[in-house]
Structures are given as C-alpha cells and as structure tokens.
Amino acid sequence: MNIQWYPGHMTKTRRQMAEYIKQVDAVCEVVDARIPQVSRNPDMDEIAAGKPRMMILNRIDLADPNMTAVWAKHFREQGMAVIQTDSRSGNGTQAFSSAVRTLLADKIAQWNEKGLVGKSVRVMVVGIPNVGKSTFINRILGRKSAKAADRPGVTRGSQWFRVESGIDLLDTPGILWPKFDDERVGILLACTGAIKDDILDVETLGCKLMELLAEQAPQTIIDRYSIAIPEEECDFLGYELLQQAGRRRGFLLRGGEIDTERMARILLDEFRGGVLGRITLEKPE
Ligand SMILES: Nc1nc2c(ncn2[C@@H]2O[C@H](COP(=O)(O)OP(=O)(O)OP(=O)(O)O)[C@@H](O)[C@H]2O)c(=O)[nH]1
C-alpha cells in the first residue's frame, strides 16, 4: 500500500516508539473522525499498553456529529479520554490541556504529595500519516508551521514542546502504519485521502465510495447527483450509481459511453472536500 511500510521500517519504528513511550505519562492518538478505527495504528494498544490514553477525534467538521458522539462513547468505554477537534479552525482543541490534567489527575496529585509541585506531565502525540497530527499540534502550541501539508507523510523526526506550564508534548518520530493488509482499510483510507490516490485506480475507488455512501448517507447522494438507488440487490451497485451520476452530468466519452472515471474523480473530490456534508464512513463494531 505504501513503500514506507516495509517490515524493517515497522520494526525500527516500533522500537523507537517503545523507547519514547517509557519517557511519557500518557499517549494521545489522533484519528480521522470519519474513520476512527481504520485511521488508527493497529499495534498502538500493544505499544502503549499500561499508559493512560487519549483519543483525539479530529476532522469533526467533516464527520457526522451523531456518529462522532457514538465513537466518543465507544472509546470512553475503553477507558480512554476523548476530545473532538477540528484542528483547521481550532474548534475543540482548547479542551486538550484540561483533558490531559484530568486524565493524569492521580499522577499529578501523587507528585504534589511528594512535593514535586510544578513537575510537568509528558504526553506523546501519535497518528498515522495525514490524520491532521501536525495541524493539531500547531493549534495547541498556538503557532503556525510550514509542516502541515495536504499530503501523506510530511512529519519527520521527534521534538519536545511546551504546551503550557505543566504540560510537555512529544511529537513522535517515525511514520506509523495503518492496518494495511486489510482491503477495507485501504479503501477507506484512500476514500478520505489518507493514502495516495495511485494505489487504487480512481474508478474502482469511486465505485467503492458510492457503495459506502449508498449505505451511510443515501439521501445525500440521491439529492446531490440526482440518482436512484436500486431497490433490489445489485452486483455492481457502485458502478451503476457512478454511471447514473455521470449520465446526469452529461459526462460522455467519444463512443457515447459514460465517463465513469471523471465522475469517480468528482465524487472523491466532493466527499474529501466536505461538499457532500458531514459523513462518517465507519461504525464501531
Ligand atoms: N477539514 C479539516 N482538515 C484538517 C483538519 N486537521 C487537519 N486538516 C487538514 O488535513 C491535511 C493534513 O494535515 P497534517 O496536519 O499535515 O496531517 P499529519 O497527520 O500531520 O500528516 P503527516 O505530516 O503526513 O504525518 C491538511 O490539509 C490540514 O489542513 C481538521 O480538523 N479538519
């Protein structure tokens, strides 16, 4: 799926992570709220075992608010602290510091009892590429940085930062891998733009996204593309819907065929850009 995730790289990153985790009091995982499970590193529970955890549901501006609430509950039930953020506007990011203090309240109280007043808690922020980790960190540090970019794999190296008095943050090194041996995961990551487009052909991806939308947000695509979702089960539902939408828009090839590839590209751009509204593609199992 991506050249960066070969076994040697994974072993090295795992080792680095284990070292860094020893130095921190809590692990904060940034995920994309539209695909909160799929956009996780599948080994994080094991790597961060025993540490207090926080889940940062990012890109809430693009996700269905009801589903974001369902996911927040899901992760809280697993014992994690949860905050919900739109790091691009900053909405929700101000909750981070107080959530860290609450998560680590026992530890801070213990330190205070021992007279270690003013000792900073250390937290680590992790995330697979392109979930918005750099944008989130820039927000909570109140800075503008050239590092955030709309392409996978921009974060490099590790650095400590002071969020505010009493909270230090480690921006993690290494590029974390998603669960890339699962086709469904690859499709969902590609639909949201988290992995490069060229790993799947655009038309196939467009078909898959149409199928997902027909399930998760049928009225949205009916209204937007003036299409009808067949009532009977359909073997190539995604392709059928792409064809309908392409026909409506008059996307014809020279021989009169419908240009489903062009339609697929538009669908993907519109979904990724939030033009279709706030849609979550994944439900908790
Ligand atoms: N709509 C929306 N876009 C966001 C949000 N957070 C980040 N982005 C955008 O997502 C893109 C990727 O963000 P980055 O911060 O570079 O992602 P990253 O996880 O640090 O990626 P790497 O550097 O590859 O690890 C950028 O275009 C951001 O502007 C958000 O909450 N909502």
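The values are calculated or read from the model by the stated rules, or taken from the named source; none is laboratory data. For clarity, every value in this text was computed on a predicted model and none was experimentally measured. Neighbour counts run over all protein chains shown; Cβ positions are idealised from the backbone, glycine included.
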Look at residue 62 and say whether it is more than 13 Å from the ligand (Cβ to nearest atom) and either within 25 Å of residue 213 (Cβ to Cβ) or crowded, with 17+ Cβ neighbours inside 10 Å (or both).
-> no
When every residue in the range 98-125 that is more than 24 Å from residue 19 (Cα to Cα) and in contact (Cβ under 8 Å) with a residue 12 or more places away in the chain is compared, the one farthest from the ligand (Cβ to nearest atom) is 118
Contacts under 9 angstrom Cβ, first residue in the range 73-94 being in the same structural domain as residue 48 (by TED's automatic domain parsing) and within 11 Å of residue 60 (Cα to Cα), partner among the acidic types (Asp, Glu) and away from the ligand (no atom under 12 Å from the Cβ), 6 or more apart = none
Which residue, of 205, 200, 237, 241, is more than 17 Å from residue 270 (Cα to Cα) and crowded, with 18+ Cβ neighbours inside 10 Å?
-> 200
Flag if residue 37 is buried (at least 21 other Cβ atoms within 10 Å of the Cβ) and either aromatic (Phe, Trp, Tyr) or over 18 Å from residue 134 (Cβ atoms) (or both) | no
How do the helices (runs of 4 or more DSSP H) wholly within the range 166-285 filter down when requiring 1 or more residues that are more than 23 Å from residue 65 (Cβ to Cβ), among the charged types (D, E, K, R) and not assigned by TED's automatic domain parsing to the domain that holds residue 7: which remain?
-> 183-191, 202-216, 237-249, 260-272
Can we say residue 123 is surrounded by 19 or more Cβ atoms within 10 Å (Cβ to Cβ) and either assigned to a strand (DSSP E or B) or not assigned by TED's automatic domain parsing to the domain that holds residue 164 (or both)?
-> yes
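Against the condition out of contact with any strand residue (DSSP E or B) (no Cβ under 7 Å at 6 or more places or on another chain) and farther than 20 Å from residue 164 by Cα, how does residue 66 come out, does it pass?
Values: out of contact with any strand residue (DSSP E or B) (no Cβ under 7 Å at 6 or more places or on another chain): yes; farther than 20 Å from residue 164 by Cα: yes.
Criteria met by residue 66.
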Can you confirm whether the range 245-265 contains a residue that is surrounded by fewer than 18 Cβ atoms within 10 Å (Cβ to Cβ), in contact (Cβ under 8 Å) with a residue 60 or more places away in the chain and within 16 Å of the ligand (Cβ to nearest atom)?
-> no
